[in-house]
Structure formats: C-alpha cells, structure tokens
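**Q** Would you mind keeping the following structure in view while I ask a few things?
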Ligand code: ADP
Ligand code: MG
C-alpha cells in the first residue's frame with residue numbers, strides 16, 4: 001500500500017464520524033429497516049454498524065472492498081439522471097479498510113450461508129463461512145493504526161463521540177421509517193422506532209419536550225420554485241432554544257447543509273426571534289432528481305441547488321405560512 005493510497009483514503013476518512021457516515025449510508029442504501037451503530041471510545045477503538053439489509057454474497061463482499069467498486073451505478077447516464085442512492089463512488093469501504101482493521105460479516109437475504117471477511121490495511125487476510133443473520137455487520141477496529149500522524153490528530157473521545165452522535169442523529173431524522181440505534185461504550189444513546197413518524201423520531205432523539213413543542217410545516221400555497229414539497233417540523237418561537245441553533249435539512253432523504261434553507265428559516269421567524277434564541281427545525285425538501293448536484297466532495301455535506309434563490313423563497317414562505325396558521 002502506497003503513501004498516495006493512504007492520503008487518498010484520508011480524503012474520505014477524517015475521523016470516526018466519517019466512517020460511521022459511510023457505513024450508515026451503505027446500510028440505508030441496502031434497504032435496511034433496522035440499523036445499529038455501536039462505538040467504543042468515541043469510535044477510536046471500534047465502530048460497529050449492523051443492518052438487516054440485503055446483505056452480500058462472498059463474491060459481493062470481496063468486490064465491496066476493492067477500489068472503485070460499486071453496485072450502485074453502471075454508467076455515466078446513471079449519474080446524470082440523478083443518483084437515488086446515498087453512495088455511488090465505490091470508494092468508502094476500500095478507503096476505510098486501508099486505514100483500519102475491518103471485519104465484514106454478511107449474509108444475503110434469502111441466502112443460506114454467511115461470509116466473514118477480514119481486511120487489514122487494505123489487504124484481505126481471511127475469508128471464511130460464518131453463521132450470521134441476514135444483513136451485514138461491518139466492524140472497524142484501530143482506526144488509523146497505520147497512519148500515526150492522523151491518529152495523533154483525533155480529539156478527545158467525548159469530542160469524537162459528539163461528531164458520531166450528530167451524524168447518526170441526522171440520518172435517523174432523515175429516515176423516520178428506519179429504526180436507528182446508537183450505542184457508546186455499551187450504553188444506548190438513543191433508539192428510534194422506525195414507525196415512519198418524524199415527530200416520534202424527534203422524540204427519540206431530542207426528547208419529549210422538544211418533540212411536543214414543534215409545529216408541523218403545512219404549506220399549501222408554496223410559491224413556484226425548485227421544490228416539489230416541503231415537510232417537517234419547526235420550533236414554536238417561544239420554545240426556540242437558547243443554547244444553540246439546530247436546523248437540519250434533508251433533500252430526498254439525504255442530510256445536507258444548506259445556508260439558503262437555514263437563512264430562509266431565520267427570515268421566516270423575523271422579529272419573533274429574540275436575539276438570544278435560535279430556531280430548531282427539521283425540514284425535508286423534495287426536489288425532482290436531476291435538479292440537485294450530489295456529486296460534491298465526499299466529506300462535505302453540501303449539495304448544489306440549480307435555483308438557490310427560488311429554494312430560499314419557497315422555504316421562507318412555507319415556514320411563514322406555518323407560523324401564521326398557528327396564530328404566530
Ligand atoms: P458505494 O456505496 O459508493 O457503492 P462503498 O465502498 O461504500 O461504495 O461500498 C461498496 C459496495 O459494497 C456497495 O456498492 C454495495 O454493493 C456493497 N455494500 C457495502 N455496504 C453494504 C451493506 N451494509 N449491505 C449490503 N451491501 C453493502
Ligand atoms: Mg457507500
């Protein structure tokens with residue numbers, strides 16, 4: 001394994017949270033209805049992501065850790081018509097395996113045998129039959145064991161866990177139909193039910209008080225613009241949080257950062273928002289595939305909208321209308 005390869009891996013894998021993001025995306029792409037993430041020492045010692053998704057055959061699992069191997073797009077036209085899966089580069093498993101000790105235990109749905117594959121520093125070391133349920137468990141031990149410079153730059157366990165928690169939370173909120181659980185050092189941090197209710201998911205993640213105080217976004221008169229629909233929950237101005245801002249936006253089930261959407265929400269609250277309070281919002285934006293560019297840097301969570309101004313106008317209008325309808 002060359003230095004170049006390790007640097008390339010570092011583009012995808014910055015810290016435990018980036019590993020968790022990639023593994024979680026793979027589980028969601030694999031049609032899982034339950035995903036459990038368990039980390040030790042903030043993810044610096046170990047990361048385990050288990051799902052009940054489609055699973056892999058031995059051949060699939062061997063291919064999965066090879067460079068640039070993806071089962072998700074076949075040619076460039078798939079990219080142009082808009083990618084429906086969270087992953088598509090075929091880089092993540094290979095890159096993670098290059099800088100850790102990885103174990104994949106997997107059995108395809110309806111398949112009668114499971115496989116356990118061990119990879120160390122990018123090299124497959126063992127492949128054996130395994131008794132395991134349908135679905136996939138990927139375990140990462142000793143992240144950056146062979147990249148000491150990178151390992152040295154990891155933060156305290158608590159800080160690394162904060163990053164992990166943020167990632168898992170955001171994916172849980174973006175996917176209320178999937179039961180997502182997070183464990184740290186053997187203790188469960190949260191677990192959503194997978195009952196497909198955003199409010200229930202918010203309750204599992206942020207607690208009853210936050211969930212009950214939020215208002216359903218209800219926008220009947222959406223102005224013309226790039227969005228087909230806006231769904232979600234926003235905070236009641238009186239219960240806006242004093243500690244910090246929290247605006248989570250999702251585009252077609254993908255967590256994204258969008259300053260356009262964030263600014264639109266703040267604008268909608270207008271002077272109802274006292275200077276020491278911040279909005280709290282979870283918004284799901286639906287756009288036709290092809291009007292949003294997901295082919296951005298793998299580590300960033302930004303997407304480019306073809307019509308940012310139109311999007312901002314629609315989000316502002318939707319939140320304003322929601323507040324008005326609630327007499328606010
Ligand atoms: P990408 O997600 O961009 O395709 P990855 O390196 O993340 O690339 O994964 C490579 C391939 O491994 C995927 O395309 C998929 O076929 C397979 N794979 C990875 N994780 C899982 C999983 N949890 N369940 C089923 N298949 C998986
Ligand atoms: Mg992937």
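**Q** Over the chain, calculate the relative contact order: mean separation of alpha carbon pairs under 8 Å at least 6 apart, over the residue count, as a percent.
**A** Normalised by residue count, the contact order of the chain is 16 percent.
**Q** If r is the Cβ-Cβ distance from residue 307 to residue 218 and R0 is 35 Å, what FRET efficiency results, to the nearest 0.05?
**A** That gives a FRET efficiency of 0.90.
**Q** What whole number of Å gives the distance from the Cα centroid of the range 38-70 to the Cα centroid of the range 118-184?
**A** Cα centroid of the range 118-184 versus Cα centroid of the range 38-70: 8 Å apart.
**Q** Quote to one decimal, in nm, the extra length available between residue 31 and residue 191 on full extension: 0.36 nm per residue of separation minus the C-alpha distance between them.
**A** Result: 55.8 nm gained on full extension.
**Q** Report, to the nearest 10°, how far helix 3-12 tilts away from the longest principal axis of the Cα atoms in the chain, using its own Cα long axis and a range of 0 to 90°.
**A** Orientation of helix 3-12: about 30 degrees from the principal axis.
**Q** Per 10 Å bin, what percent of the C-alpha pairs of the chain does each bin hold, from zero upward?
**A** 6, 25, 32, 24, 11, 3, 0
**Q** Between residue 57 and residue 149, what length in nm is gained on full extension when 0.36 nm per residue of separation is reduced by their alpha carbon distance?
**A** The span from residue 57 to residue 149 would gain 29.6 nm if fully extended.
**Q** What distance in nm separates the simple spin-label points at residue 109 and residue 142, each placed 7 Å from Cα in the Cβ direction?
**A** My value for the distance between the label points is 3.6 nm.
**Q** With the contact rule set at Cα under 8 Å and sequence spacing of 6 or more, what percent relative contact order holds for the range 73-224?
**A** 13
**Q** I need the semi-axes of the equivalent ellipsoid of the range 96-180: take the C-alpha gyration tensor, multiply each eigenvalue by 5, square-root it, list largest first in whole angstrom.
**A** Its equivalent ellipsoid spans semi-axes of 27, 23, 7 Å.
**Q** Taking only Cα atoms, what is the 0 to 90° angle, nearest 10, from helix 157-174's long axis to the longest principal axis of the chain?
**A** Once rounded, one gets 70 degrees.
**Q** So if R0 is 35 Å, what FRET efficiency would residue 291 and residue 271 give, r being the distance between their Cβ atoms, rounded to the nearest 0.05?
**A** 0.60
**Q** Then there is this: Along its principal axes, what span do the Cα atoms of the range 108-232 show, with the longest given first and each in whole Å?
**A** Between the extreme Cα coordinates on each principal axis of the range 108-232 lie 58, 43, 34 Å.
**Q** Between the helical axis of 308-325 and the dominant principal axis of the chain, each derived from Cα atoms, what acute angle in degrees is found, rounded to the nearest 10?
**A** 60
None of the figures in this text is laboratory data; all of them are computed from the coordinates on show. Because the structure is a prediction, the values reported are computed rather than measured. FYI the Cβ positions are ideal-geometry reconstructions off the backbone, even for glycines, and counts take in every protein chain you see.
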